[in-house]
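Here is the structure we will look at, set down as C-alpha coordinates.
The values are calculated or read from the model by the stated rules, or taken from the named source; none is laboratory data. Just so it is clear, the model here is predicted, and its values are computed rather than measured. Neighbour counts run over all protein chains shown; Cβ positions are idealised from the backbone, glycine included. When the accessible area is computed, the model is the full protein with side chains, heavy atoms only, and any ligands, DNA or RNA have been set aside. Shrake-Rupley method; radii C 1.70, N 1.55, O 1.52, S 1.80 Å.
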Amino acid sequence: GESVGLHLPTLSVQEGDNSIINCAYSNSASDYFIWYKQESGKGPQFIIDIRSNMDKRQGQRVTVLLNKTVKHLSLQIAATQPGDSAVYFCAELISSGSARQLTFGSGTQLTVLP
Amino acid sequence: GAVVSQHPSWVICKSGTSVKIECRSLDFQATTMFWYRQFPKQSLMLMATSNEGSKATYEQGVEKDKFLINHASLTLSTLTVTSAHPEDSSFYICSARPGGPFYEQYFGPGTRLTVT
(Lines give C-alpha, C1' and ligand atoms only; values in the text may rest on other atoms or scores of the structure.)
Protein backbone atom coordinates (compact mmCIF):
# COMPACT_ATOMS: atom_id res chain seq x y z
CA GLY A 1 0.00 0.00 0.00
CA GLU A 2 0.99 3.63 -0.04
CA SER A 3 3.27 4.80 2.70
CA VAL A 4 4.99 7.76 4.17
CA GLY A 5 8.73 7.48 4.40
CA LEU A 6 11.77 9.46 5.43
CA HIS A 7 14.97 10.05 3.50
CA LEU A 8 17.42 9.96 6.42
CA PRO A 9 17.23 7.62 9.39
CA THR A 10 19.70 9.65 11.49
CA LEU A 11 20.72 13.27 11.64
CA SER A 12 23.37 14.88 13.83
CA VAL A 13 23.63 18.64 14.17
CA GLN A 14 25.63 21.03 16.28
CA GLU A 15 23.80 22.88 19.00
CA GLY A 16 22.65 26.21 17.64
CA ASP A 17 22.57 25.10 14.02
CA ASN A 18 19.40 24.66 12.04
CA SER A 19 18.04 21.15 11.41
CA ILE A 20 16.11 19.96 8.41
CA ILE A 21 14.27 16.66 8.50
CA ASN A 22 12.75 15.38 5.29
CA CYS A 23 9.83 13.14 4.48
CA ALA A 24 8.52 11.71 1.22
CA TYR A 25 4.95 10.61 0.86
CA SER A 26 3.15 8.77 -1.87
CA ASN A 27 -0.56 9.25 -1.16
CA SER A 28 -1.77 12.47 -2.73
CA ALA A 29 -5.21 12.18 -1.10
CA SER A 30 -4.13 13.21 2.39
CA ASP A 31 -5.79 16.18 4.11
CA TYR A 32 -3.15 17.04 6.66
CA PHE A 33 0.50 16.35 7.32
CA ILE A 34 1.73 16.35 10.87
CA TRP A 35 5.14 16.24 12.50
CA TYR A 36 5.57 14.46 15.82
CA LYS A 37 8.49 14.33 18.22
CA GLN A 38 9.04 11.19 20.24
CA GLU A 39 11.51 11.05 23.08
CA SER A 40 12.82 7.72 24.27
CA GLY A 41 10.19 5.73 26.13
CA LYS A 42 7.44 8.29 25.58
CA GLY A 43 4.47 8.76 23.31
CA PRO A 44 4.55 11.05 20.26
CA GLN A 45 4.23 14.75 20.88
CA PHE A 46 2.55 17.01 18.32
CA ILE A 47 4.89 19.63 16.87
CA ILE A 48 3.19 21.24 13.91
CA ASP A 49 0.79 20.41 11.13
CA ILE A 50 -0.01 21.70 7.69
CA ARG A 51 -3.08 21.37 5.54
CA SER A 52 -2.70 19.96 2.09
CA ASN A 53 -3.73 23.29 0.52
CA MET A 54 -0.82 25.13 2.13
CA ASP A 55 2.88 25.07 1.32
CA LYS A 56 4.39 26.58 4.45
CA ARG A 57 3.52 26.98 8.06
CA GLN A 58 5.60 28.41 10.88
CA GLY A 59 5.53 27.76 14.57
CA GLN A 60 7.88 28.57 17.39
CA ARG A 61 11.36 27.70 16.06
CA VAL A 62 9.82 25.23 13.62
CA THR A 63 8.69 25.52 10.02
CA VAL A 64 7.02 22.90 7.91
CA LEU A 65 7.24 23.03 4.14
CA LEU A 66 5.00 21.03 1.84
CA ASN A 67 5.80 20.46 -1.82
CA LYS A 68 2.90 18.61 -3.35
CA THR A 69 4.50 18.55 -6.78
CA VAL A 70 7.22 16.19 -5.62
CA LYS A 71 5.28 14.86 -2.60
CA HIS A 72 7.85 16.07 -0.12
CA LEU A 73 7.50 17.39 3.41
CA SER A 74 10.19 18.91 5.58
CA LEU A 75 10.54 20.09 9.14
CA GLN A 76 12.99 22.86 9.86
CA ILE A 77 14.11 23.48 13.42
CA ALA A 78 15.90 26.75 14.04
CA ALA A 79 18.72 27.06 16.57
CA THR A 80 18.59 23.39 17.50
CA GLN A 81 18.88 22.73 21.22
CA PRO A 82 19.87 19.60 23.17
CA GLY A 83 16.24 19.16 24.14
CA ASP A 84 15.39 18.71 20.48
CA SER A 85 17.19 15.35 20.42
CA ALA A 86 14.50 12.79 19.68
CA VAL A 87 12.96 10.76 16.88
CA TYR A 88 10.83 12.80 14.52
CA PHE A 89 7.98 11.26 12.58
CA CYS A 90 5.95 12.70 9.80
CA ALA A 91 2.41 11.44 9.48
CA GLU A 92 -0.33 11.97 6.98
CA LEU A 93 -4.03 12.04 7.63
CA ILE A 94 -6.32 10.54 5.08
CA SER A 95 -10.06 10.95 5.31
CA SER A 96 -12.22 8.21 3.92
CA GLY A 97 -15.89 8.79 4.54
CA SER A 98 -16.24 9.31 8.28
CA ALA A 99 -12.92 7.63 9.02
CA ARG A 100 -9.74 9.62 9.44
CA GLN A 101 -6.55 7.68 9.87
CA LEU A 102 -2.96 8.65 10.54
CA THR A 103 -0.16 6.85 8.75
CA PHE A 104 3.31 7.33 10.20
CA GLY A 105 6.60 7.51 8.39
CA SER A 106 9.65 5.56 9.49
CA GLY A 107 11.21 8.27 11.66
CA THR A 108 14.49 10.21 11.85
CA GLN A 109 16.69 10.18 14.92
CA LEU A 110 17.93 13.71 15.56
CA THR A 111 21.00 14.02 17.76
CA VAL A 112 22.14 17.45 18.88
CA LEU A 113 25.86 17.62 19.52
CA PRO A 114 27.25 20.00 22.18
CA GLY B 1 -5.67 20.22 28.28
CA ALA B 2 -6.06 17.15 26.05
CA VAL B 3 -4.19 14.74 28.27
CA VAL B 4 -4.19 11.01 27.66
CA SER B 5 -2.91 8.60 30.26
CA GLN B 6 -1.98 4.94 30.09
CA HIS B 7 -1.69 2.40 32.82
CA PRO B 8 0.54 0.66 33.52
CA SER B 9 3.56 2.44 32.10
CA TRP B 10 5.42 -0.83 32.01
CA VAL B 11 4.55 -4.44 32.71
CA ILE B 12 6.39 -7.74 32.73
CA CYS B 13 4.36 -10.91 32.40
CA LYS B 14 4.96 -14.58 31.85
CA SER B 15 4.28 -16.28 28.56
CA GLY B 16 0.72 -17.54 28.35
CA THR B 17 -0.80 -14.97 30.68
CA SER B 18 -3.02 -12.03 29.73
CA VAL B 19 -2.29 -8.37 30.28
CA LYS B 20 -4.69 -5.42 30.27
CA ILE B 21 -3.60 -1.91 29.36
CA GLU B 22 -5.83 1.06 30.09
CA CYS B 23 -6.03 4.27 28.10
CA ARG B 24 -7.88 7.26 29.54
CA SER B 25 -8.66 10.70 28.19
CA LEU B 26 -8.43 12.85 31.31
CA ASP B 27 -10.00 16.15 30.27
CA PHE B 28 -12.01 15.45 27.16
CA GLN B 29 -14.39 12.91 25.76
CA ALA B 30 -12.89 10.66 23.14
CA THR B 31 -15.32 9.34 20.61
CA THR B 32 -12.50 7.49 18.89
CA MET B 33 -9.46 5.82 20.35
CA PHE B 34 -6.57 4.22 18.53
CA TRP B 35 -4.07 1.57 19.58
CA TYR B 36 -0.58 1.46 18.10
CA ARG B 37 2.32 -0.91 18.52
CA GLN B 38 5.91 0.18 18.19
CA PHE B 39 8.93 -2.09 18.05
CA PRO B 40 12.40 -0.72 18.88
CA LYS B 41 13.69 1.79 16.35
CA GLN B 42 10.56 1.41 14.26
CA SER B 43 7.55 3.52 13.53
CA LEU B 44 4.11 3.37 15.07
CA MET B 45 1.86 0.77 13.47
CA LEU B 46 -1.87 1.15 13.90
CA MET B 47 -3.43 -1.96 15.40
CA ALA B 48 -7.05 -0.97 15.73
CA THR B 49 -9.53 1.87 15.90
CA SER B 50 -12.37 1.86 18.37
CA ASN B 51 -15.42 4.04 18.68
CA GLU B 52 -17.25 4.28 21.96
CA GLY B 53 -19.89 1.62 22.24
CA SER B 54 -18.89 -0.12 19.02
CA LYS B 55 -16.67 -3.02 18.13
CA ALA B 56 -13.11 -2.14 17.26
CA THR B 57 -11.90 -2.14 13.68
CA TYR B 58 -8.66 -4.04 13.39
CA GLU B 59 -5.94 -3.46 10.84
CA GLN B 60 -4.98 -6.23 8.50
CA GLY B 61 -2.78 -8.78 10.18
CA VAL B 62 -3.82 -7.93 13.74
CA GLU B 63 -5.55 -10.81 15.49
CA LYS B 64 -8.73 -9.52 17.10
CA ASP B 65 -9.00 -12.56 19.38
CA LYS B 66 -5.51 -11.95 20.70
CA PHE B 67 -5.72 -8.18 21.12
CA LEU B 68 -9.07 -7.51 22.74
CA ILE B 69 -10.15 -3.89 22.69
CA ASN B 70 -12.98 -2.45 24.72
CA HIS B 71 -14.11 1.16 24.46
CA ALA B 72 -16.88 1.11 27.01
CA SER B 73 -16.97 4.82 27.82
CA LEU B 74 -16.00 8.12 26.26
CA THR B 75 -12.93 8.33 28.46
CA LEU B 76 -11.66 4.77 28.68
CA SER B 77 -10.41 2.15 26.28
CA THR B 78 -8.63 -1.05 27.22
CA LEU B 79 -6.34 -3.35 25.29
CA THR B 80 -5.98 -6.89 26.56
CA VAL B 81 -3.17 -8.99 25.18
CA THR B 82 -4.36 -12.55 25.65
CA SER B 83 -2.06 -15.55 25.99
CA ALA B 84 0.96 -13.29 25.60
CA HIS B 85 4.12 -14.58 23.99
CA PRO B 86 7.63 -13.06 23.85
CA GLU B 87 6.99 -11.77 20.33
CA ASP B 88 4.20 -9.60 21.77
CA SER B 89 6.80 -7.66 23.72
CA SER B 90 6.55 -4.12 22.42
CA PHE B 91 5.68 -0.53 23.22
CA TYR B 92 1.91 -0.04 23.05
CA ILE B 93 0.63 3.49 22.56
CA CYS B 94 -2.94 4.68 22.57
CA SER B 95 -4.32 7.91 21.24
CA ALA B 96 -7.69 9.58 21.59
CA ARG B 97 -9.64 11.86 19.30
CA PRO B 98 -12.40 14.17 20.53
CA GLY B 99 -15.62 14.26 18.62
CA GLY B 100 -16.39 16.86 15.99
CA PRO B 101 -14.75 17.90 12.75
CA PHE B 102 -11.21 18.18 14.02
CA TYR B 103 -8.62 15.59 13.22
CA GLU B 104 -6.33 15.97 16.23
CA GLN B 105 -5.27 12.84 18.08
CA TYR B 106 -3.71 13.07 21.50
CA PHE B 107 -1.23 10.37 22.37
CA GLY B 108 -0.69 8.58 25.62
CA PRO B 109 2.77 8.03 27.11
CA GLY B 110 2.88 4.38 26.08
CA THR B 111 3.10 1.07 27.89
CA ARG B 112 6.19 -1.12 27.68
CA LEU B 113 5.19 -4.78 27.66
CA THR B 114 7.82 -7.45 28.21
CA VAL B 115 6.77 -11.09 27.99
CA THR B 116 9.20 -13.57 29.50
In terms of modelled amide H atoms, which long-range or inter-chain residues lie less than 5 Å from the amide H of B:A48?
B:W35, B:E59
Summed residue charge, Cβ within 10 Å of B:C94's Cβ, Lys/Arg positive, Asp/Glu negative:
0
Karplus-derived 3J(HN,Hα) from phi for the stretch A:26-37 (6.51 cos²θ - 1.76 cosθ + 1.60, θ = phi - 60°), whole Hz, x at Gly and Pro, runs 10, 9, 7, 8, 6, 8, 9, 10, 10, 10, 10, 10
Size of the dipole of chain A about the Cα centre, Lys and Arg at +1 and Asp and Glu at -1 on the beta carbon, nothing else charged, in debye to 20?
220
Placing +1 at every Lys and Arg Cβ and -1 at every Asp and Glu Cβ, with all other atoms neutral, what dipole size does chain B have around its Cα centre, in debye to the nearest 20?
180
Leaving out ligands, DNA and RNA, calculate the buried accessible area for the pair B and A with a 1.4 Å probe, summed over both sides, in Å² to the nearest 100.
1400
Mind listing, in residue-number order, the residues in the stretch B:89-115 that have at least 50 Å² less accessible area with every protein chain present than in their own chain alone (1.4 Å probe)?
B:R97, B:Y103, B:F107
Before I look further, what does chain B give for accessible area per residue, probe 1.4 Å, in whole square angstrom?
50
Inside 10 Å of the C-beta atoms of B:31-42, what's the mean count of C-beta atoms belonging to other chains?
2
Which percent of the accessible area of chain B is formed by carbon and sulfur heavy atoms (probe 1.4 angstrom)?
54
Which one, A:A78, A:S30, A:N18, projects farthest toward the positive side of the charge dipole computed for the stretch A:1-84 from Cβ point charges (K/R +1, D/E -1)?
A:S30
List the cysteines in chain B whose Cβ has no other cysteine Cβ under 4.7 Å from it.
B:C13
State to the nearest 20 debye the size of the charge dipole of the protein assembly as shown about its Cα centre, where the only charges are +1 on K and R beta carbons and -1 on D and E beta carbons.
120
